[in-house]
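**Q** Next up is a structure, given as structure tokens.
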Amino acid sequence: MAGLEDLYREIILDHYRTPRNRGELDAPAVSAEGHNPLCGDEIRIFVDVRDGIVTDVRFNGSGCSISQSSASMMTSAIKGKPVDQVKAIVKKFKSMMTVDEDESPVDESLNLGDLEALQGVVKFPVRIKCATLGWNTLLDALTTAGQ
Ligand code: ZN
């Protein structure tokens with residue numbers, strides 16, 4: 001029987017091989033770019049925010065399986081959600097990755113679903129930046145969108 005770590009590895013590989021929401025968005029969507037020089041990961045995130053809702057999100061870029069699958073999982077988790085909720089998901093994810101830097105409380109009721117597959121990355125501190133690259137880039141894109 002497959003253990004939890006095997007299941008998690010399978011989820012990460014599935015998103016790496018078959019990325020969700022990969023591509024670009026035209027204006028009025030905005031984009032931001034992120035780099036992780038430690039690993040060579042590059043991510044560009046496109047977001048379309050209308051009436052406070054992330055109506056569409058895409059990503060492209062290249063890099064290791066953790067950076068690309070994390071970005072793919074992120075787009076699946078936030079698409080169609082209100083910006084407030086998206087920011088709460090980002091905060092909870094960064095908290096799971098032990099890099100949540102502000103003091104406000106994490107919404108414990110939020111279910112991260114497949115994103116929990118990435119929690120094992122915490123055991124490899126050098127890879128945490130791979131897992132959080134897309135998320136920090138998303139925050140930059142939201143800022144660019146005036147959110
Ligand atoms: Zn990486």
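**Q** Looking only at the stretch 26-42, count how many residues are of a type outside the set (Gly, Ala, Ser) and in a loop (DSSP other than H, G, I, E, B).
**A** Total meeting the criteria: 5.
**Q** Among the residues that make up the stretch 64-78, is at least one of them surrounded by fewer than 14 Cβ atoms within 10 Å (Cβ to Cβ) and touching a residue at least 12 places away in the same chain (Cβ under 8 Å)?
**A** No, every residue in the stretch 64-78 fails to be surrounded by fewer than 14 Cβ atoms within 10 Å (Cβ to Cβ) and touching a residue at least 12 places away in the same chain (Cβ under 8 Å).
**Q** Same structure, new question: Every residue in the stretch 48-107 that is more than 16 Å from the ligand (Cβ to nearest atom), in a helix (DSSP H, G or I) and of a type in the set (Ser, Thr, Tyr), please.
**A** 75, 76, 95, listed by residue number.
**Q** I'd like the residue in the stretch 24-44 that is among the aliphatic types (A, V, I, L, M) and within 16 Å of the ligand (Cβ to nearest atom) and, out of all such residues, is nearest to the chain's Cα centre (by Cα).
**A** 43
Per-residue answers, yes or no, for (1) closer than 19 Å to residue 11 by Cβ; (2) of a type in the set (Ser, Thr, Tyr); (3) crowded, with 18+ Cβ neighbours inside 10 Å:
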residue: 97; (1), (2), (3): yes, no, yes
residue: 102; (1), (2), (3): no, no, no
residue: 114; (1), (2), (3): yes, no, no
residue: 117; (1), (2), (3): yes, no, yes
residue: 121; (1), (2), (3): yes, no, yes
residue: 124; (1), (2), (3): yes, no, no
residue: 131; (1), (2), (3): yes, no, yes
residue: 135; (1), (2), (3): yes, no, yes
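**Q** Of the residues 50, 17, 22, which is of a type in the set (Lys, Arg) and touching a Phe, Trp or Tyr at 6+ places or on another chain (Cβ under 8 Å)?
**A** Selected residue: 22, the only one of 50, 17, 22 that is of a type in the set (Lys, Arg) and touching a Phe, Trp or Tyr at 6+ places or on another chain (Cβ under 8 Å).
**Q** What do you reckon, is residue 20 of a type in the set (D, E, K, R), in contact (Cβ under 8 Å) with a residue 24 or more places away in the chain and not in a strand (DSSP E or B)?
**A** Yes; evaluated as a whole, the condition is true for this residue.
**Q** How many residues does the stretch 24-41 hold that are of a type outside the set (Gly, Ala, Ser) and buried (at least 17 other Cβ atoms within 10 Å of the Cβ)?
**A** Result for the stretch 24-41: 4.
**Q** Related question: For a quick check of your reading of the model, give me the residue pairs whose first member lies in the stretch 4-17 and is crowded, with 16+ Cβ neighbours inside 10 Å, whose second is of a type in the set (A, V, I, L, M) and at pLDDT 90 or above, with beta-carbon atoms closer than 8 Å and at least 6 apart or on different chains.
**A** 8/117; 8/118; 11/73; 11/117; 12/66; 12/117; 12/118; 15/73
**Q** Continuing with the same structure: Got at least one residue in the stretch 117-132 being of a type in the set (A, V, I, L, M), more than 13 Å from the ligand (Cβ to nearest atom) and out of contact with any Leu (no Cβ under 9 Å at 6 or more places or on another chain)?
**A** Yes, the conditions are met somewhere in the stretch 117-132.
The values are calculated or read from the model by the stated rules, or taken from the named source; none is laboratory data. Quantities reported herein were computed from a predicted structural model and do not represent experimental measurements. All Cβ positions, glycine included, derive from the backbone under ideal geometry; neighbour counts span all protein chains shown.
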